[in-house]
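Take a look at the structure set out below.
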Amino acid sequence: MKEIIYIIDNSGSTVTFISPIIEKLLSITTKEFKMTFLSTQNKGGYLYKKRSQIISKRSAFITDCLGRGFEDPLKIEYQIINGKGECRWIRETLNPQFKADGSIGAFAGRIEDITEWKTTEQQLTDLYQNEASLRHELETQIQNRIEFTRALVHELKTPLTPIMAASDTLSSGLKQEPWLNLAQNINKGAFNLNKRIDELLDLTRGEIGVLQIKKIPIDCIELSADIIQYIDAKLRKANLRLVFEHDENTIFIEADPDRLRQVLLNLLSNAIKYTPGSGLIKIKCFRTSTDVVFQIIDSGIGISSSDMAYLFEPYHRLERDRERFDGMGLGLALSKRFVELHGGRIWVENANEHGSIFTFTIPTLTPVKPEHLKLGYKNKRKSYEAAVN
Ligand code: ADP
């Protein structure tokens, strides 16, 4: 930035020097500058905006310097209209110049055209303000969304709870068809609806980044065996065979048991849903040097390669399944979120002949502490076979 130097005499009333470069930089002649710089009267030449304020600030500084001796330099920023009629931002710095005897001999000043710098500064301020207001708006929207989903979930679950409880009691009390079947249908429908509501809540939490996991040491083999037991009736009803393969009796990792259970249940429920009767489902659990790997392999209807890319996106359901199967297309999207929250990966491949292989990994980077291994886990079996028809 080029500077323009000027000198004011020791009384502070006359400009005795001005750099000729002012003509090039501000299109004001040295004569015009000398006549108008300190004058509260003249309208042309060095055309200040807020002229009287700036001139009185400068003259107060000069008076202080003359009265009290040394002062900190005067630094002021203001706008002028240059000789071409353009508005320019000016930064002016003024210092007293001392003679050998310590008295003030003159005042030396510097004028810089800081218009570009000011424009950039203003743009940055505008950008910052814009960003701050957008952030505020987004935070409000997120908060509203949380509140709305919470209220919605509450509204939906309140009437559902007695339906689940009553239909459960009815199903166990009734012996006679068709009433038993009807009660079981109500119960199944209510439980499905409850699951969908939970999925919606999890999805919203995931989208707004408040989905969290609580890791504790768990035995993957025991957890898988528990889930297999839980879905045993479903397997029998669907006339499916399930084989659980694992090389080790216990595989401990640090993970969130509820979320891991949810992932396994989602994948197993899909395998059951999309595998016709007499089919086979396999669960494999093994360890690599960095991860625990889970695989759910079915002999079902499979998935085309073009569909695989979108399968883990929320609400994505295959065209062919929309009419035939219930669901909202959230199970895989949520499973992906849960696996990724653990630092793992999830993907799908086609099985050799027919069916699909869903694989997910959970990293074992955090070693499980030995004291946690004394928790007394049960179900340490080498191979678990359920629902053999
Ligand atoms: P949904 O609740 O609709 O099953 P998911 O996210 O779990 O939602 O699955 C998305 C879609 O992926 C399903 O609608 C189905 O078309 C397909 N899909 C999932 N798992 C399988 C599988 N094991 N075999 C065939 N298709 C599957």
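The table for this structure:
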item: Of residues in the stretch 278-301 being surrounded by fewer than 20 Cβ atoms within 10 Å (Cβ to Cβ) and of a type in the set (V, I, T), the one modelled with the highest pLDDT; result: V293
item: Residues satisfying the stated conditions in the stretch 71-101, i.e. part of a loop (DSSP other than H, G, I, E, B), in contact (Cβ under 8 Å) with a residue 12 or more places away in the chain and farther than 20 Å from K31 by Cα; result: E71, P73
item: Residues (in contact with a helix residue (DSSP H, G or I) (Cβ under 8 Å, 6 or more places away or on another chain) and polar (S, T, N, Q)) located in the stretch 40-63; result: T40, N42
item: Sole exception among (1) away from the ligand (no atom under 12 Å from the Cβ); (2) at pLDDT below 95; (3) part of a loop (DSSP other than H, G, I, E, B) for H354, by number; result: (1)
item: Among the candidates G343, G279, residue that is small (G, A, S) and touching a Pro at 6+ places or on another chain (Cβ under 6 Å); result: G343
item: In the stretch 86-118, residue surrounded by the most Cβ atoms within 10 Å (Cβ to Cβ) [restricted to those that are among the aromatic types (F, W, Y) and more than 16 Å from R51 (Cα to Cα)]; result: F107
item: Conditions (1) more than 11 Å from the ligand (Cβ to nearest atom); (2) touching a helix residue (DSSP H, G or I) at 6+ places or on another chain (Cβ under 7 Å); (3) part of a loop (DSSP other than H, G, I, E, B); number of the one not met by V339; result: (3)
item: Some residue of the stretch 40-51 being surrounded by fewer than 16 Cβ atoms within 10 Å (Cβ to Cβ) and either aromatic (F, W, Y) or assigned to a helix (DSSP H, G or I) (or both); result: no
item: Filtered residues of the stretch 216-233 (kept if of a type in the set (D, E, K, R) and in a strand (DSSP E or B)); result: D219
item: One residue from F107, F61 being modelled with pLDDT of 90 or more and closer than 14 Å to Y6 by Cβ; result: F107
item: Residue match in the stretch 158-176 (condition: at pLDDT 90 or above, on the phi > 0 side of the Ramachandran plot, more than 23 Å from the chain's Cα centre (by Cα) and not in a strand (DSSP E or B)); result: no
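The values are calculated or read from the model by the stated rules, or taken from the named source; none is laboratory data. Please read these numbers as outputs of a predicted model, since none were measured by experiment. No Cβ is skipped: glycine too gets one built from the backbone with ideal geometry, and neighbour counts run over all protein chains shown.
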